Structures are given as structure tokens and as C-alpha cells.
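Peer 1: Right, I'll just put the structure down here and ask away after.
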Amino acid sequence: ELEGVSCQPVEGAMYAFPRITLPPAAVSAAEAEGKAPDMHYCESLLMATGICTVPGSGFGQRSGTFHLRMTFLPAEDRLRAALVRFAEHHRGYLAQYS
């Protein structure tokens, strides 16, 4: 339901690997800082929300795609609250770099 984010259904694991679509300006900003675009996104997410994710670039993602790894071990109510913060950050990040 979140523009620019897609994820395969998660079954039997504690990690999800959502794919994120980043605007060209975000990719350029990351490269200007010497960072992978998904690392730039993950750092922004951490600083803005306290949500710690791992950039997909560390997992051999296909060139030109961006992913992040997130765990879903928290209790359901805490996970829901974190996903709301994630969605708010994602919308803001897209707005900032669009």
C-alpha cells in the first residue's frame, strides 16, 4: 500500500526484504556523500525514527535496485507503530528528493 515499497510475503523467517524505489535525486545525494543509495535511506530512517534496518547492497542485490532488510520480531503492537513511523519517513523522504 505504500508508494515505492514492495515486498514478497514473509513466511517462516524473521526478516523481510522490502524493495524501495528511490528518486534519482536521492540516488545522486547518496552518491555525492560516497554512500550506496540504500545505505543513505537506511541511515535517514534510523536518524528520523530510530528504526534500524540493513541496506540490501550488503546482500548482493541486483544493480539498479534497492532493498533493505528489516526484522519483524517485536510484539505486534510495537511492530505496527514502527511500520507507521516507517511509512511517514518514507513519504517524507520521497517528498524531499522528488
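Peer 1: Could you do me a favour and compute the accessible area per residue for the chain, 1.4 Å probe, result in Å²?
Peer 2: I get 63 Å² per residue for this part.
Peer 1: Quick check: at a probe of 1.4 Å, how many percent of the accessible area of the chain sits on carbon and sulfur atoms?
Peer 2: Percent of accessible area from carbon and sulfur atoms in the chain: 55.
Peer 1: I would also like to ask the following. For the chain, what does the helix formula give at 222 nm: sum of -39500 (n - 2.57) over DSSP H segments with n ≥ 4, over the residue count, nearest 500 deg cm²/dmol?
Peer 2: So the helix-based figure for the chain works out to -14500 deg cm²/dmol.
Peer 1: Another question, if that's okay. Provide L94, L46 ordered by accessible surface of protein heavy atoms (probe 1.4 Å), highest first.
Peer 2: Of L94, L46, the descending order of accessible area is L46, L94.
Peer 1: Going by average Cβ density within 10 Å per residue, which order do the peptides 59-72, 1-14 take, highest to lowest?
Peer 2: Listed from highest to lowest mean packing, they are 59-72, 1-14.
Peer 1: Related question: Using the per-residue mean of other Cβ atoms lying within 10 Å as a proxy for protection, in what order, highest first, do the peptides 80-91, 19-30 fall?
Peer 2: Packing proxy ranking, top to bottom: 19-30, 80-91.
The values are calculated or read from the model by the stated rules, or taken from the named source; none is laboratory data. Being a predicted model, the structure only gives us computed values, none of them experimental. All Cβ positions, even for glycine, are placed from backbone atoms using ideal geometry, and neighbour counts span all protein chains on display. Remember, those area values only see protein heavy atoms, side chains included, never the ligands or the DNA or RNA. Shrake-Rupley method; radii C 1.70, N 1.55, O 1.52, S 1.80 Å.
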